[in-house]
1. Can you name every one of the strands (runs of 3 or more DSSP E) wholly within segment 110-152 that holds 3 or more residues which are within 16 Å of residue 196 (Cα to Cα) and within 17 Å of the chain's Cα centre (by Cα)?
2. Take the residues of segment 189-228 that are part of a loop (DSSP other than H, G, I, E, B) and either at pLDDT 95 or above or not assigned by TED's automatic domain parsing to the domain that holds residue 171 (or both): which is farthest from the chain's Cα centre (by Cα)?
3. What number of residues in segment 254-275 are touching a residue at least 60 places away in the same chain (Cβ under 8 Å) and surrounded by fewer than 16 Cβ atoms within 10 Å (Cβ to Cβ)?
4. Considering segment 90-107 alone, what residues qualify as being in contact with a helix residue (DSSP H, G or I) (Cβ under 8 Å, 6 or more places away or on another chain) and on the phi < 0 side of the Ramachandran plot?
5. Of all the residues that make up segment 165-186, how many are free of Cβ contacts under 8 Å to residues at least 12 places away in the same chain, assigned to a strand (DSSP E or B) and touching a strand residue (DSSP E or B) at 6+ places or on another chain (Cβ under 9 Å)?
6. So is residue 220 on the phi < 0 side of the Ramachandran plot and crowded, with 20+ Cβ neighbours inside 10 Å or not?
7. Select from segment 243-253 the residues that are more than 17 Å from residue 91 (Cβ to Cβ) and surrounded by fewer than 19 Cβ atoms within 10 Å (Cβ to Cβ) and list them in ascending order.
8. Is it the case that residue 189 is surrounded by fewer than 20 Cβ atoms within 10 Å (Cβ to Cβ) and in contact with a strand residue (DSSP E or B) (Cβ under 7 Å, 6 or more places away or on another chain)?
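The values are calculated or read from the model by the stated rules, or taken from the named source; none is laboratory data. Remember, predicted model here, so these are calculated numbers, not experimental data. Cβ: placed from backbone, ideal geometry, glycine included. Neighbour counts: every protein chain shown.
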């Protein structure tokens, strides 16, 4: 079951904020009045009774403690940076299964949490960006791919080469790929460097896989995306383009890697930028 974390955070922020506000406007004044009445009551000089201030309800204490924390997390996650985990090898060798990445949420514009309505336009997606987006066929699932085609582009994929508006993207062979841990399954694949616009990045291809030769026209307001692991990626070649409103943000850094095969942290990947 996919949990909408943004919706949970919004609800939690609202509830804790309402409890805090209700206490400030209604309950706290009542406690002050009660404290004043108690202090005016007659007490024997020899009595050891001391008037204590009425205590806040436990739920109010928790609301006051958690509200600022939840609010800060909501703001950071909704408008600045959001963490994601890579669950598959479709972006190898750029991203490996077990990578934990950070995604810039404002690079494509500021959107309201949950509603995903853009309220401020800051920048536009560029060719070569590694972008996180809501899968068009099931928006509850987040995908990550590389943006290959921009609105209006004509994209061709022939003999495992990308052509953009008739121009072939340059590919330089790097030899045979040698993987470790979760990447071991791709050992022996063709390893290459691709020039995609102004961005150079690495890709993997399987010589035994049949090329899927097709041509696409990218509609306005949409983007054509592909995985760097070209023969092991479910991308725009199969289900079409990504609407602009489905874009979540641009991946920019790996902050953690946990290799489930070796049960180890790969420190060499921590802090790596995503190109």
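1. On the way: elements: 118-120, 130-134, 142-149.
Passing ranges, in order: 142-149.
2. My answer is 189.
3. 6
4. Once the filter is applied, which keeps residues that are in contact with a helix residue (DSSP H, G or I) (Cβ under 8 Å, 6 or more places away or on another chain) and on the phi < 0 side of the Ramachandran plot, segment 90-107 yields 92, 93, 96, 97, 99, 105, 106.
5. 1
6. On the way: on the phi < 0 side of the Ramachandran plot: yes; crowded, with 20+ Cβ neighbours inside 10 Å: no.
Judged against the criteria, residue 220 is not a match.
7. Filtering segment 243-253 for residues more than 17 Å from residue 91 (Cβ to Cβ) gives 243-246.
Passing the criteria: 243, 244, 245.
8. Considered against the rule, which asks whether it is surrounded by fewer than 20 Cβ atoms within 10 Å (Cβ to Cβ) and in contact with a strand residue (DSSP E or B) (Cβ under 7 Å, 6 or more places away or on another chain), residue 189 comes out as no.
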